[in-house]
Amino acid sequence: MTGPRVPRDPPKKRVVDPEKAIASGTRTLVIGPYATGRRAAFLAASDDEAGHHVNLRVPEARLEEAVGLSAAIDLDVVQASIANVASPRPATYLGKGKVEEIGGLIKTDTIDLVMMDCALSPVQQRNLEKAWGAKVIDRTGLILEIFGRRARTREGALQVELAHLAYQKSRLVRSWTHLERQRGGFGFLGGPGETQIEADRRLIQERMVRIERELENVKRTRSLHRESRRKVPYPVVALVGYTNAGKSTLFNRLTAADVFAENLLFATLDPTARVVKLPHGAPVILSDTVGFISDLPTMLVAAFRATLEDVIAADVILHVRDVSHGDTEAQSADVVAILRDLGIPTDSHERVVEVWNKADQLDEPERNRLMALASHRPAGERPVLVSALTGDGIDVLKRAIEDRLASERPVYHLSIAPEDGAGLNWVYEEAEVLDRREDEEGRTQLAVRVAPEKEPRLLRRFPAARKMR
């Protein structure tokens, strides 16, 4: 076992909901049971040959992320350690000696919860709980708990409950006898809300069927909203990226909105959309999405596919990266892998713009290095270095979005008489004005770019319009 004790901040006086109060009082040990040596090389080679995504992270970075996940629901992480695993054991995942060693730590530090940063089978989870006398959750269980806390919309809550019930269907998770949940429902932190999970599987299945039915209604409503947006029609620009890459901060910067943005993993779980004006006046719908993460449980990719529908249908995708993070390349690879799983081609630079965020956290040499690196790429593939926090680079990003959308848009020259104020107003409402000049006769000479679907309306309104490109 390796890894220093995690220092704890002094307690802060703040108002929290009952579940957070329970979690914040739960002394937690985070264990990173990662394959090492020949086995790690074998797994990576096998994944690569099978066409699966390979986790590029070093164990220390994976453990740091696991601690961040635990902190996202206010668990009191007392210690975090890496446990080298040559080969997972069917009964306990870890070897007998390692189980005993961790058991000693649990007793010494009075640990209530052990978070295993891996996927445990129901048998492994029960055996470890019995051996350690403490609650055990795996990575999937913890992520589900986080999703349950963060979801705010009806759809988000239903998706979380559906994924949670699917996860629990094959296992009986005993409630924590020393705790009492303050409300019913679902979750992993024990109490009366878990009695349904421990009950008959038939009841769980019936509940899942009801949720799926409700979700169909919610999806139908969202589909109608999307259809109404298409009739406007505004292009859709979707933000995607690794969790905590700064998507919501960037969303707020671009839209002047007030979406929840905090230095927490999975701060955003529900899709949010706002209208943004680009430099030449064209409106677009900007959509914020759930953050991606390595080894995202398959059931969650499926459960949250509906919340990513705006990404699938987006005209432009902004791939937001935290370039100040030491694992930025591995995080980018994880996002690309999930986009491919969703059927989105990531090699199409006409649709995807890389946004290198958190430039304010870089020192000057690193910032200059990244700017030079970006400048050497072809213009259509060039990343944009920004700071969502300070606003640096935002104007360049807006122009990059505009350029991506403009690749399919024709440009026309219009000559508008001085008395045709309604026509001039129509142009500013329905097209992008690239250039405007007044001639000696008082006529307004315009260069305008128009969406393909609005081109027929432009030509009906201005039959003398001349196409420039």
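Calculated FRET efficiency, residue 461 and residue 403, Cβ-Cβ r, R0 35 Å, to nearest 0.05? It would help to have the intermediate numbers written out before the result.
Values: r = 26 Å, r/R0 = 0.74.
Working from the Cβ atoms, E equals 0.85.
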- Anything over 25 Å Cα to Cα? Flag those among 96/169; 277/454; 219/398, in the order listed. 96/169; 219/398
- Query: What's the exposure ranking of 167, 234, going from fewest to most Cβ atoms within 10 Å?
  - Reply: 234, 167
- Peptides ranked, highest mean first, by Cβ atoms within 10 Å: ranges 350-356, 272-278, 433-439: 350-356, 272-278, 433-439
- Task: Let me have the relative contact order for segment 411-467, percent, based on Cα pairs under 8 Å that are six or more residues apart.
- Result: 46 percent
- Message: At a 10 Å Cβ-Cβ cut-off, how would you order 315, 363, fewest neighbours first?
- Response: 363, 315
- Message: Can you tally the net charge around residue 376? Count Lys and Arg as +1, Asp and Glu as -1, for every other residue whose Cβ sits under 12 Å from the Cβ of residue 376.
- Response: +2
- Task: Could you work out the local net charge near residue 442, counting Lys and Arg as +1, Asp and Glu as -1, over the other residues with Cβ closer than 13 Å to its Cβ?
- Result: -4
- Going by average Cβ neighbours within 10 Å, how do the peptides 403-415, 367-379 rank, with the highest at the top? 403-415, 367-379
- Query: Quick one: net charge of residue 278's neighbours, Cβ under 11 Å, K/R +1, D/E -1?
  - Reply: +1
- Hydrodynamic radius (Kirkwood) for segment 364-469, which is based on Cα pairs only, to one decimal in Å: 16.2 Å
- Query: Out of 451, 424, 434, whose Cα points farthest toward the positive end of the dipole of segment 418-459 (charges: +1 Lys, Arg; -1 Asp, Glu; placed on Cβ)?
  - Reply: 451
- Query: Want the number for residue 394 to residue 86: 0.36 nm per residue separation, take away the alpha-carbon distance, what's left?
  - Reply: 106.1 nm
- Message: Let me spell out the model: positive unit charges on the Cβ of Lys and Arg, negative unit charges on the Cβ of Asp and Glu, origin at the Cα centre of segment 411-467. What dipole size does that give, in debye rounded to 20?
- Response: 300 debye
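Each value in this text was obtained by applying a stated rule to the coordinates, not by laboratory testing. Every value quoted in this text rests on a predicted model; they were computed, and no experiment measured them. Note: ideal-geometry Cβ built from the backbone for every residue, glycine included; neighbour counts use all protein chains shown.
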